[in-house]
Amino acid sequence: MALALQTFPTVKDANAALKAAGTRYLGGGTLVVRAANEGDVSVSGLVMSTDPALSAIAAAGGKVRIGASVTMAAIARHPDLGPLAKAARAVGGPAIRNMATVGGNLFAPAPYGDFAVALLALDAAVGTEDGELPIETFLARRDGSRSIVTSVSFTLPKADGFRFLKVSRVKPKGVSVLSIAAVLEQAADGTVSSARIALGCMADRPMRAKAAEKALKGKKLDQNGIAAALAAATEGIAPITDPIASAWYRAEVLPIHLGRLLLA
Amino acid sequence: MAKVPVQFTLNGSEKAEFIDSGTTLLNALRDKIGDTSPKGGCHQGTCGACSVIIDGELRLSCLTLAETCNGAAITTTSGLAEGGVLHPLQRAFLDTFATQCGFCTPGMIMAAKVLLDHTPNPSRDEVVEALSGNICRCTGYEPIIQAVLTAARANSQNAA
Ligand SMILES: Cc1cc2nc3c(=O)[nH]c(=O)nc-3n(C[C@H](O)[C@H](O)[C@H](O)COP(=O)(O)OP(=O)(O)OC[C@H]3O[C@@H](n4cnc5c(N)ncnc54)[C@H](O)[C@@H]3O)c2cc1C
Ligand code: FES
Ligand code: FES
């Protein structure tokens, strides 16, 4: 079945076209064109915008704004986005990374969305024409979201304050068993003063490990210090079951991998 | 369905066609333009057999809409041989038995070409990483990795 594609120079016009029933925004197409190839008839029209702001990366004074059409490959090679390179490189193989956009990753259902897990830990703000939403709110409402995501913005973490890990069975490229991202701040005595931990594959979309974050506060990043956080890691999770792993397996291995990430 | 014009260069020559809106580049290349070197293995982005090079970057033609390639320079494996002389990668794939049924070969060669264009002397790990989006049902991969390393050596000897 063929899809009609409409291309607009401005986000505003593209947003207007997206109001028509059956239309979806076209990012890199790695999910939406795949769905069409598989016979998903709910998509009858695609809309895209060629607005150059969507493809821009701006990094200054520790603040970063990434346009929604920026690809994983562009993030991985950007000199100012070093701490995020690992998370961008975790997405797919080389050809997928040349196509997969940040905007599309925010909508990718588990087991996908590895980069969105990083953005959730970073407490990114998701921009649309109507303004910005905290990523947590955006993710909760994304199924009903009809407006084009234009950007994500966040404060660039210090290289040693941001940690990311993806577990897959096939290496170097494979679908996630799980992914974890953490932004940790430590006081002078080494105790954790703040922690934001995001999990992938532990629900249908990225989620925070809030109980583990709380249990980590004031603790040292050693075997004893992290024990309570590991015990709390599975609180509130509802992992997916797919051909890569069962929900049971994902829940079993989560504390082990979180431990490795925290002790790294 | 309305037809839309597409125009791009394919292996250095200008191509212009009218296609149905929403046609994938893979289908446009194979069914309209007659370049059957990119293969349709899965149409899901998972096998890499449809890999082509668009403006210097490796892409999956099964997930790319042809009309988004207006003005682009596209390279496929059928454009690599020059005047009947095989490209060093093609030669190496034959010499090291890196092709059995051959279905994955054009995609593998595209992925390898982008690697060697940027990294003329790659390590084994870099080759594995570069080919990680391409699946081969036949060879067990080792001959393919050896072919890419052999082609890289041949290139650097020619350059010396
Ligand atoms: C073989 C293969 C391997 C993959 N491996 C991984 C992996 O390891 N990790 C991972 O995270 N993902 C993976 N993916 C999934 C996918 O490639 C990524 O999640 C990618 O980031 C999706 O982005 P896209 O631009 O291609 O999305 P599209 O397919 O273009 O869009 C996906 C959805 O998001 C919507 N959308 C896209 N952009 C916007 C926007 N700016 N505003 C509003 N809506 C928008 C679309 O309408 C659509 O509903 C893989 C996919 C394939 C085919
Ligand atoms: S046909 Fe495109 S990746 Fe398999
Ligand atoms: S040679 Fe048959 S799939 Fe690779």
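The values are calculated or read from the model by the stated rules, or taken from the named source; none is laboratory data. None of the values given here were measured: they were computed from a predicted structure. No Cβ is skipped: glycine too gets one built from the backbone with ideal geometry, and neighbour counts run over all protein chains shown. Note: areas computed on protein heavy atoms with side chains; ligands, DNA, RNA excluded. Shrake-Rupley method; radii C 1.70, N 1.55, O 1.52, S 1.80 Å.
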Exercise for the section: For A:Tyr25, tell me the accessible area in Å² from a 1.4 Å probe, rounded to the nearest 10. Expected result: 60 Å²
Practice task
Can you sort B:Asp125, A:Asp51, B:Asp35, A:Asp189 by 1.4 Å-probe accessible area, starting with the largest?
Solution key: B:Asp125, A:Asp189, A:Asp51, B:Asp35
Problem - Linear extension gain, B:Ala2 paired with B:Ser123, 0.36 nm per residue minus alpha-carbon span - result: 38.7 nm
Handout entry: Å² of accessible area per residue within region B:100-160, as computed with a 1.4 Å probe and no ligands counted
Key = 50 Å²
Practice task
Just need the relative contact order of region B:88-159 here, percent rounded to a whole number, with Cα pairs under 8 Å and 6+ apart.
Solution key: 49 percent
Fill in the blank from the handout: Projected onto the charge dipole of the protein assembly as shown (unit charges on the beta-carbon of Lys, Arg, Asp and Glu, signs +1, +1, -1, -1), the Cα from A:Leu263, A:Ala140, A:Pro9 with the largest positive-side position is that of A:Leu263
Exercise for the section: Could you work out the Rg to Rh ratio of the protein assembly as shown, with Rh taken as the Kirkwood radius (inverse of the mean 1/r over all Cα pairs)? Expected result: 0.99
Exercise for the section: Provide the buried accessible surface between chains A and B in square angstrom, both chains summed, 1.4 Å probe, rounded to the nearest 100. Expected result: 1900 Å²
Practice task
Between A:Ala238 and A:Asp143, with labels modelled 7 Å along Cα→Cβ, what's the label distance in nm to one decimal, could you check?
Solution key: 0.9 nm
Exercise for the section: Quick one: accessible surface of B:Thr150, probe radius 1.4 Å, all protein chains present, in square angstrom to the nearest 10. Expected result: 50 Å²
Problem - A:Ser153 paired with A:Ala16, simple spin-label distance in nm, labels 7 Å along Cα-to-beta-carbon - result: 2.6 nm
Exercise for the section: Would you mind checking the pairs A:Lys173/B:Lys15; A:Lys19/B:Lys32; A:Lys63/A:Lys214 and listing those with alpha carbons more than 29 angstrom apart? Expected result: A:Lys173/B:Lys15; A:Lys19/B:Lys32
Completion exercise
On the formula 1/(1 + (r/R0)^6), with r taken between the Cβ atoms of A:Tyr249 and A:Lys171 and R0 of 30 Å, the FRET efficiency rounded to 0.05 is 0.95
Handout entry: Heavy-atom SASA rank of B:His43, B:His87 (probe 1.4 Å, accessible area, largest first)
Key = B:His43, B:His87
Handout entry: Choice from B:Leu115, B:Leu94, B:Leu58 showing the highest fluctuation, given a GNM over chain B with Cα pairs closer than 10 Å
Key = B:Leu94
Handout entry: List A:Thr101, A:Thr50, ordered by accessible area with a 1.4 Å probe, largest first
Key = A:Thr50, A:Thr101
Problem - Per residue accessible area in Å² of region A:169-231, where ligands, DNA and RNA are left out and the probe is 1.4 Å - result: 44 Å²
Practice task
Have a look at A:Ala215, A:Ala195, A:Ser179 and report the one farthest towards the positive end of the charge dipole of the protein assembly as shown, computed about the Cα centre with Cβ charges (Lys/Arg +1, Asp/Glu -1).
Solution key: A:Ala215
Practice task
Would you compute, from DSSP H runs of 4+ residues alone, the mean residue ellipticity of chain B at 222 nm, taking -39500 (n - 2.57) per run and dividing by the full residue count, rounded to the nearest 500?
Solution key: -9000 deg cm²/dmol
Completion exercise
Rounded to one decimal in nm, the spacing of the 7 Å Cα→Cβ label points at A:Ala35 and B:Glu14 is 3.9 nm
Practice task
Rounded to whole Å and ordered largest first, report the semi-axes of the equivalent ellipsoid of region A:4-49 derived from its Cα gyration tensor (root of 5λ).
Solution key: 19, 11, 6
Completion exercise
Rg/Rh of chain B (Cα atoms, Kirkwood Rh), to two decimals, equals 0.98
Exercise for the section: Might you list the cysteines of the protein assembly as shown that have no disulfide-compatible partner by the rule of another cysteine's Cβ under 4.7 Å? Expected result: A:Cys201, B:Cys69, B:Cys101, B:Cys138
Completion exercise
The percentage of the accessible area of chain A (probe 1.4 Å, all protein chains present) made up of carbon and sulfur atoms, to the nearest whole number, is 55 percent
Practice task
Evaluate E = 1/(1 + (r/R0)^6) for A:Ala59 and A:Glu185, where r is the Cβ-Cβ distance and R0 equals 22 Å; express this FRET efficiency to the nearest 0.05.
Solution key: 0.60
Fill in the blank from the handout: Output for region A:130-224: trypsin sites (Lys or Arg not before Pro) sitting in coil per DSSP, at most 13 other Cβ within 10 Å, listed by number, reads A:Arg146, A:Lys158, A:Arg169, A:Lys217
Handout entry: Anisotropy class of region A:162-263 from Cα gyration tensor, a/c 1.5 cut
Key = prolate
Problem - Computed magnitude of the charge dipole of chain B (debye, nearest 20; Cβ of K, R +1, Cβ of D, E -1) - result: 280 debye
Handout entry: Neighbour cut-off at most 12 other Cβ (10 Å), DSSP loop, GluC sites (Glu not before Pro), region A:213-254
Key = A:Glu235
Fill in the blank from the handout: On the formula 1/(1 + (r/R0)^6), with r taken between the Cβ atoms of B:Gln100 and A:Lys210 and R0 of 51 Å, the FRET efficiency rounded to 0.05 is 0.45
Problem - Charged-residue dipole, Cβ positions (Lys, Arg, Asp, Glu), region B:3-79 about Cα centre, Debye nearest 20 - result: 160 debye
